[in-house]
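Engineer: This is the structure I have questions about; it appears just below.
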Amino acid sequence: MVNDHLEVIDSLGNELKEGLLDVRYLPEKRALLVLVDKALIFKAIEALNKISGGEMHLTTISGADLGEDYIELTYFLWLLPQRLRVIVKTKLSKDDLRVQSIVNIAPATVLYEREVYEMLGVIFEGHPKLERLFLPEDWPQNMYPLRRR
Amino acid sequence: MSSIDLIVGPIHPALHEPERFVFKIDGEIVVDVEPRLGYVHRGIEKALSERTYIKDIYLVERVCGICNVAHTLTAAQAIEQAFGVEVPRRSKYLRTIVHELNRLHSHLLILGVVCELIGFDTLFMLFWRDREVIMDLIEMITGNRVMSAYNIIGGVRRNIGDFEVTQIKGVLSSLAKRVKQYKKVFMDDPTIRARCAGVGYLSRAKALALGAVGPTARGSGLELDVRVDEPYAAYDEVKYCAVIYNDGDVWARLMVRLDELLASMEVINECLDKMPSGPIRVPVPEAAPQSAEGVSVIEAPRGELIHHVYTKRDDDKPFRYRIRTPTYANIPAVCEMLKGCYIADIPAILASIDPCFSCTDRAALIDTNSGEKRIIDILSLARRSKK
Amino acid sequence: MRLPSLIREVWANLLKKPATVKYPFEKLPLSKTYRGKHELMRDRCVGCGLCAKICPAFAITMRSVYGKVSPEVDLAKCIFCYQCEDVCPRGAIKRGKEYELASWSRNEMIVR
Amino acid sequence: MEALRKAEENFVVLKAFNDLVLDVVSKDLCTKCGMCVSSCQVHAISMTDEGPKSVGPCRQCEACYYGCPRSPATSEELLKASLSSEKKDDILGSYNKIVSARTVLSEVKSVAQDGGVVTTLLIYALEEGLIDGGIVASKSTIEAWKPVPKVALSINDVLEAAGTKYSNCPSLVALKDALYGYDLSKVCVVGVPCQVTAARNVKVQPKAARKIGDKIAFIIGLFCMESFPHVKLAQFLTSNGIDIAKVSKFDIKEGKFRVYMGDAEVLSVPIRNLKDYANRFCETCRDLTSWYADVSVGAIGSGRDWSTVIVRSDEGAKLFDGAVQNGYLEVKDIESDGIESLRKIAKRKASKN
């Protein structure tokens, strides 16, 4: 549907209020970009889950260190009833790489969060088993392969 | 309740690629599964951000040998989006055709493998014989049977003419008859029903929550198909309906694949009929014209594949490249399916998601020489290989 | 119960020629676009090194022989993408049809 | 000392795109033919109205520098040696024969200027499968009389591009579309002398992009006195109270530049009055008859509705004679004073510049 993203924008604004930093529709990506404060990431995903009536498919979480003093987390969601791709972005300062885990809303993230943790060192609070996924067991602590110096 | 650990893998006859699963079993029943990934972890994500975009296309092709077209297509689309390049319409059709041929051979492969694992070797041989003609078609169009090297940034590398069109149509029309026959076998054959029906059940709610993708999701009645949801390449101009089965077992997942074979052939035929004339590629400079972000989602043979790339202005290397492959998304779902099944059903259930573990483990090249860890760059590796 | 169709199938398969070929004696036809061993035309090459710069597998090195710089392709590393052919401005690299490339020594794997 | 001298001789300076800008573009020599754009295999050059511009990282393959018709590296000996023609001539270039020809195709007669020979040759080559496509200057759909480079793949495309345009256009940019975009393997290039020189250059220069040269089947050259930038041509016409959009035809006949609206001639000025409006790079050009083409075609020297055709090479003979034998063209011997008047005008261009 054409204007579904407008309804999503409205309800997100009601749920998150000023925690919602930016929300706009990207026509070239055919996706709704939602920029939120890191404290509200759990609330944002929860709100989107509520908007879709529990019919939300979490595609992936992608973390990126862009050489600045923050790490960017991108959550790719697909809302089935609205048939809408939602990209939720948040920025984590490198001094405090803690963010609330969303495993309780979307159990699918259990592996993605572990990957972001081991590759970039982001700590997901509330994750049931935040351990190494791909890297060998004797990989040194506090060394994150995809971090940029 | 006490339980025994049964360790399957990393190297195991039932697994075609190295991966370890620790099954907690109670008698014959699997109670819990603990996957351990990373045995074929090659550090591709890191390597991608240290190569130029042109080299990246060939590296992502090697994330997975079977769905190589899907990977190059996604990478090309993601990079084109970040560059702001619009590809010609004919190249979109050609991409779709090769992508669907790739899906045909991938589905025929896994159907054969499942048949072998459930002990139906004849059908395995038949499937793989039919797969061979698809491989020949891919060789005819792209120049190689497996590693097609077909998609590049800005379009595709080779054109097809009238001769190729008639060849493809001829092969597909004879293959369609055979696939219909195989479908009848899958519907009726008691052996297949006994080994597949009701095995490895995954409910729709679980599939959604655990983020299952592709035929795994569609076998559980989840309407997820990127070709329908977010049409890419030429899918917005051809008719396509997602194949959905509601049974949620191994049989449903195989039936989804069988029906998709027929649907794919229709898509290819429609593309060949509708294909416009025009250029097949546009020249694209090596460096990114802008700092941007490209996201491309496509329906690979195994499910939804997503590439996410950050480009930096005037740099010929991507800043960050992230790949999420379908098998990786299906791991939580397969763990759920395995709970409560018999040990003997493990291979069939694992094969029913069409696992591709080299896809799953891709992201840092680590050398464990002399106990210390350091990262070797590819050029010194190349030099070393000369000795 | 489905005996008649079974017999027909068996009969058809007995008369059919096998799906396989006797490989070393009999070879499958190659497609026109097949990418095999490289053919380097040294008289055309001017040693610009574009192929070595673009090679995704780092299989091409530029080597100076009697004062003339020309590429060497290491087939052990080559992935046969033929990006080198695409990028060579002088058309000095051609797709060959030879695909039986196994060898006992690394030196024989290098196309000069 | 000897060794040092030898080393110096062997030391070759790399001629990358920067050198092209330094040696050609900044000296106002660039003809904007577009060969550098087509030569670049990493797509790092694009053509603007001011000349070539870098849009990506240069990988220093030198192909753009050596393919350029105006670069100091272009050797005339190599170009001359490449044509296997019998008669050597300094003014008209070397050639096999000079004849007058005109088309017999009615659809060409209605659209083409003079004899319609170029259009007919292209149609013949396309129909016979001698080429997969041709590089032509077509008319822009946005700005009237602005030529835009185009790949002609069908007879309709060729007919659309018929007719003389007096502005220059980077025709050879379309070579990239044809060879890279459409993946053609045999193309025919139609162009003015500077573009013809570039096309011949990539066929014979060892360091130029010879892959492109291999795929150029024929080069058809046009006679060119000088060309005018589209902007300046429009300015000139506006100053004379003519809207360029309403012009139906331009022509140069008997030393005068003539502008037609409908069938009526609305302006005719001597060419020398237009000197200030001509392209700067035309001042250094001595070539009137496209010396290095396979076939050169132009109006000078033949009567009304006939074109002068100079066949210079074996490939050119194959194309032209084939078209004549298959009844696409009719030929007659050139009038006795035809070659003389052509030589006179060619000499004027050569001595003037």
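Engineer: If I fit a long axis through the Cα atoms of helix D:193-204 and take the longest principal axis of the Cα atoms of chain D, what angle between them do I get, 0 to 90°, rounded to 10?
Structural biologist: Here the helix axis deviates by roughly 40 degrees.
Engineer: Over the alpha carbons of segment B:55-133, what is the largest minus smallest coordinate on each principal axis, giving the biggest first in Å?
Structural biologist: Principal-axis extents of segment B:55-133 (Cα, largest first): 50, 24, 15 Å.
Engineer: Beyond 36 Å, what share of the Cα-Cα pairs of chain D remains, rounded to the nearest whole percent?
Structural biologist: 17 percent
Engineer: Mind listing P(r) for segment D:183-276? All alpha-carbon pairs, 10 Å bins, whole percents.
Structural biologist: Histogram of Cα-Cα distances, whole percents per bin: 14, 34, 22, 21, 9, 0.
Engineer: Quote the Stokes-Einstein diffusion coefficient, in whole µm² s⁻¹, for segment D:294-353, based on the Kirkwood radius over alpha carbon pairs, a temperature of 20 °C and a viscosity of 1.002 mPa s.
Structural biologist: For these conditions, the coefficient is 170 µm²/s.
Engineer: Relative to the present Cα-Cα distance, how much length would full extension add between B:CYS241 and B:TYR342 at 0.36 nm per residue of separation?
Structural biologist: Length difference between fully extended and current span is 32.9 nm.
Engineer: Sticking with the crude label model, points 7 Å out along Cα→Cβ, report the distance from D:ASP89 to A:GLU68 in nm, one decimal please.
Structural biologist: According to this spin-label approximation, the distance is 6.9 nm.
Engineer: Taking the Cα atoms only, what angle lies between the long axis of helix C:3-15 and the longest principal axis of chain C, rounded to 10 degrees?
Structural biologist: So the inclination is approximately 40 degrees.
Engineer: Continuing with this model, one more query. Please list, by residue number, everything in segment D:253-272 whose backbone N is under 18 Å from a paramagnetic label point 7 Å out along Cα→Cβ of D:ARG304.
Structural biologist: D:253-268
Engineer: Extending each Cα 7 Å along its Cβ direction at A:ASP4 and C:GLU72, get the distance between those two points in nm, one decimal.
Structural biologist: The answer from the label model is 5.9 nm.
Engineer: Also, I was wondering about something else. Could you compute Rg(Cα) / (2.2 N^0.38 Å) for chain B, with N its residue count?
Structural biologist: 1.00
Engineer: Another question, then. How much FRET efficiency would the formula 1/(1 + (r/R0)^6) give for C:LYS32 and C:ALA102, where r is the Cβ-Cβ distance and R0 is 22 Å, rounded to 0.05?
Structural biologist: So, using R0 = 22 Å, E works out to roughly 0.35.
Engineer: Give the residues of segment A:31-69 whose amide nitrogen is closer than 18 Å to a point set 7 Å from the Cα of B:ARG204 in the direction of its Cβ.
Structural biologist: A:52-58
Engineer: Hey, how much of the P(r) for segment C:31-111 falls beyond 19 Å, as a percent of Cα pairs?
Structural biologist: When all Cα pairs of segment C:31-111 are counted, 32 percent exceed 19 Å.
Engineer: Also, quick follow-up: If you rank A:MET56, B:MET337 by fewest surrounding Cβ atoms within 10 Å, what's the result?
Structural biologist: Sorted ascending by nearby Cβ count, the order is A:MET56, B:MET337.
Engineer: Still on this structure, I have one more. Among the listed pairs D:LYS249/D:LYS344; D:LYS186/D:LYS318; C:LYS94/D:LYS53, which have their C-alpha atoms separated by more than 20 angstrom in this model?
Structural biologist: D:LYS249/D:LYS344; C:LYS94/D:LYS53
Engineer: Between B:ARG313 and D:VAL231, what is the label-to-label distance in nm when each label sits 7 Å out along the Cα-to-Cβ direction?
Structural biologist: Going by the 7 Å Cα→Cβ label model, 2.6 nm.
Engineer: With r as the distance between the Cβ atoms of D:ASN156 and B:THR166 and R0 = 25 Å, compute the FRET efficiency 1/(1 + (r/R0)^6) and round to 0.05.
Structural biologist: 0.45
Engineer: Can you give the FRET efficiency for C:LEU6 and B:LEU262, using 1/(1 + (r/R0)^6), R0 = 25 Å, r = Cβ-Cβ distance, to the nearest 0.05?
Structural biologist: Taking R0 as 25 Å, the efficiency between C:LEU6 and B:LEU262 is 0.50.
Engineer: On a 0 to 90 degree scale, rounded to 10, what angle separates helix A:4-16 from the longest Cα axis of chain A?
Structural biologist: 60 degrees
Engineer: Hey, another quick one. In angstroms, what radius of gyration and Dmax does chain A have, counting Cα atoms only?
Structural biologist: Computed over the Cα atoms of chain A, radius of gyration and Dmax are 15.6, 51 Å.
Engineer: Compute the convex hull volume of the Cα atoms of the protein assembly as shown, divide it by the residue count, and report the result per residue in Å³ as a whole number.
Structural biologist: Considering the Cα atoms of the protein assembly as shown, their hull volume per residue is 228 Å³.
Engineer: Expressed as a rounded percentage, what relative contact order does chain D have, with Cα pairs under 8 Å and six or more residues apart?
Structural biologist: Relative contact order for chain D comes out at 21 percent.
Engineer: Express as a percent, rounded to the nearest 5, the fraction of DSSP beta bridges in chain A (both residues included) that run antiparallel.
Structural biologist: 75 percent
Engineer: Continuing with this model, one more query. Dipole of segment D:163-282, Cα-centred, from +1 at each Lys and Arg C-beta and -1 at each Asp and Glu C-beta, to the nearest 20 debye?
Structural biologist: Once rounded to the nearest 20, the dipole reads 500 debye.
Engineer: Another one. Using 0.36 nm times the number of residues separating B:LYS184 and B:VAL228, minus their current alpha carbon distance, what extension gain do you get?
Structural biologist: Length gained between B:LYS184 and B:VAL228: 13.2 nm.
None of the figures in this text is laboratory data; all of them are computed from the coordinates on show. None of these values were measured; they are calculated from a predicted model. Because the Cβ atoms are built from the backbone with ideal geometry, glycine has one as well, and the counts that use them run over all protein chains shown.
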